[in-house]
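Asker: Got a structure here, written out as structure tokens. Questions coming.
The values are calculated or read from the model by the stated rules, or taken from the named source; none is laboratory data. None of the values given here were measured: they were computed from a predicted structure. Note: ideal-geometry Cβ built from the backbone for every residue, glycine included; neighbour counts use all protein chains shown. Please note that ligands, DNA and RNA were not included when accessible areas were found on the heavy atoms of the full protein model with its side chains. Shrake-Rupley method; radii C 1.70, N 1.55, O 1.52, S 1.80 Å.
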Amino acid sequence: MLWTHSNLTVQPFTADALVDVPLPCTFDFNVAATKYLDGLEDGDIPICVLFSGTVFYHDAADSVQIDQISWDREANYRVPVSVWKQMMEHYYPNSVWLNLRKDVFEKLRDYKIRRGITSWEQAFERLIADDLGPVANLEKPNAVGAN
């Protein structure tokens, strides 16, 4: 599954260079992948990074040379599931992805607007409370009369 495309320019170097390659992790990069990764409890996520591009360099006569990085160049890495979960909680605390059909979203948006509700969470909470009625309060412990 394609995760992302990332471009990087590496400054001139001699012999070796160590660079960080940015791999953006948006919460919605793929709903199926996000659901899969969120469902993992431990272990590692295998990542294969494919490289391509152009290298500019000076030869022994100090002439500028150009060479292509072969499309079969790759690096494999294993990302601990705990790192994925920490990243998601850092950038998207206490959040989940919800994918709705457009017609359902429009109905929810209309519901929200008609009632002057300011957030999506409030719209869902109101719908749930309306649906459950007095039963919604049963889940909350009541100090008065509690056994």
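Asker: Does the stretch 56-68 contain at least one residue that is surrounded by 10 or more Cβ atoms within 10 Å (Cβ to Cβ) and aliphatic (A, V, I, L, M)?
Answerer: There is no residue in the stretch 56-68 that is surrounded by 10 or more Cβ atoms within 10 Å (Cβ to Cβ) and aliphatic (A, V, I, L, M).
Asker: Would the stretch 24-46 turn up any residue that is touching an Asp or Glu at 6+ places or on another chain (Cβ under 8 Å) and without any contact (Cβ under 8 Å) to a residue 24 or more places away in the chain?
Answerer: Step one: of the stretch 24-46, the residues touching an Asp or Glu at 6+ places or on another chain (Cβ under 8 Å) are 34.
Checking which are without any contact (Cβ under 8 Å) to a residue 24 or more places away in the chain leaves us with none.
Checking the stretch 24-46: not a single residue is touching an Asp or Glu at 6+ places or on another chain (Cβ under 8 Å) and without any contact (Cβ under 8 Å) to a residue 24 or more places away in the chain.
Asker: So the check is Cβ under 7 Å with 6+ separation or different chains; which pairs have a first residue in the stretch 99-124 that's over 24 Å from residue 34 (Cβ atoms) and a second one that's of a type in the set (A, V, I, L, M)?
Answerer: 111/123; 112/123; 117/123
Asker: If you go through the stretch 76-96 one residue at a time, do you hit one that is open to solvent by 100 Å² or more (accessible area, probe 1.4 Å), in a loop (DSSP other than H, G, I, E, B) and over 30 Å from residue 10 (Cα atoms)?
Answerer: For the stretch 76-96, residues open to solvent by 100 Å² or more (accessible area, probe 1.4 Å), in a loop (DSSP other than H, G, I, E, B) and over 30 Å from residue 10 (Cα atoms): present.
Asker: Also, quick follow-up: Are any residues in the stretch 34-55 exposed (fewer than 10 other Cβ atoms within 10 Å of the Cβ) and in contact with a helix residue (DSSP H, G or I) (Cβ under 8 Å, 6 or more places away or on another chain), and if so, which ones?
Answerer: Passing the criteria: 41, 42.
Asker: For residues that are among the basic types (Lys, Arg) and part of a helix (DSSP H, G or I), tally how many sit in the stretch 39-75.
Answerer: Matching residues across the stretch 39-75 total 0.
Asker: May I pose another question? For the stretch 79-131, how many residues are more than 20 Å from residue 42 (Cα to Cα), in contact with a helix residue (DSSP H, G or I) (Cβ under 9 Å, 6 or more places away or on another chain) and β-branched (Val, Ile, Thr)?
Answerer: 3
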